[in-house]
Amino acid sequence: MAEAQWYVAHTYSGYENKVKTNIEKAIENRHLEEQILEVRIPMIDVMEMKNGARKQVSRKMFPGYVFVHMIMNDDTWYVVRNTRGCTGFVGPGSKPVPLTDAEMRRFGIQQDDQTAAPIEVDFTTGDTVTVIGGVWKDTVGVIQNMNPSKQTVTINVELFDRETPVEISYADVEKMK
């Protein structure tokens, strides 16, 4: 049996949520749960200024695109390609090109077949940690939240004189001594 990979489907602008919903309905109706595993719209949290007030909102990372984790075959290709609002897959001609593991890691999505052992940590919510890697290196923060399934912690960092929550991988933080 073929291996499930992530593919990118192009949609009409503003139809991403509708396409996601329609694909999920088609999966259920055609009993393709074993072949089309997940449909995602990558989101990013941004601060927005409106009427003098700051507000944190979620925006689509890639407007006009939907990510689909599926086993590529004639049935799954047909279902996604013929979903209302979907214009096709990203790739040359009619041949979809799967995303690489490295590309998916950039979006915080790990491939299912990766059997990386979970990272054992010696910290918990409320502990003070130092960031040892990535953009926030050498930043000190208090753990506000832990997500064991994603192997991340959320800490508050000071950004523009405000406390801002930042999600950081377990591998990039260590408990202060």
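The values are calculated or read from the model by the stated rules, or taken from the named source; none is laboratory data. It should be emphasised that the depicted structure is a prediction, and the values quoted were computed from it without experimental measurement. Methodologically, a virtual Cβ is constructed for each residue, glycine included, from the backbone with ideal geometry; neighbour enumeration extends over all protein chains shown. Calculation scope for accessible area: heavy atoms of the full protein, side chains included, ligands and nucleic acids excluded. Shrake-Rupley method; radii C 1.70, N 1.55, O 1.52, S 1.80 Å.
What is the number of the single condition among (1) closer than 30 Å to Phe160 by Cα; (2) modelled with pLDDT of 90 or more that Met43 does not meet?
In the conditions (1) closer than 30 Å to Phe160 by Cα; (2) modelled with pLDDT of 90 or more, Met43 misses (2) alone.
Would you check if Glu167 is at pLDDT 85 or above, open to solvent by 90 Å² or more (accessible area, probe 1.4 Å), touching a Ser or Thr at 6+ places or on another chain (Cβ under 7 Å) and in a strand (DSSP E or B)?
Yes: the conditions hold for Glu167.
Examine the range 86-107 for a residue that is in a loop (DSSP other than H, G, I, E, B), surrounded by 14 or more Cβ atoms within 10 Å (Cβ to Cβ) and at pLDDT below 80, and state whether such a residue exists.
So far as the range 86-107 goes, yes, one or more of its residues are in a loop (DSSP other than H, G, I, E, B), surrounded by 14 or more Cβ atoms within 10 Å (Cβ to Cβ) and at pLDDT below 80.
What's the total number of residues in the range 122-135 that are in a loop (DSSP other than H, G, I, E, B) and within 11 Å of Ser169 (Cα to Cα)?
Matching residues across the range 122-135 total 3.
I want to confirm something. Restricting to the range 136-164 and keeping residues that are open to solvent by less than 50 Å² (accessible area, probe 1.4 Å) and in a loop (DSSP other than H, G, I, E, B), which single residue is nearest to Arg106 (Cα to Cα)?
The extreme case among them is Gln151.
Wholly within the range 27-85, which strands (runs of 3 or more DSSP E) include no fewer than the required count, namely at least 2 residues that are surrounded by 14 or more Cβ atoms within 10 Å (Cβ to Cβ) and out of contact with any Ser or Thr (no Cβ under 9 Å at 6 or more places or on another chain)? If you could, list the steps in order and put the result at the bottom.
Working: elements: 36-40, 43-50, 53-60, 65-70.
Output list reads 36-40, 65-70.
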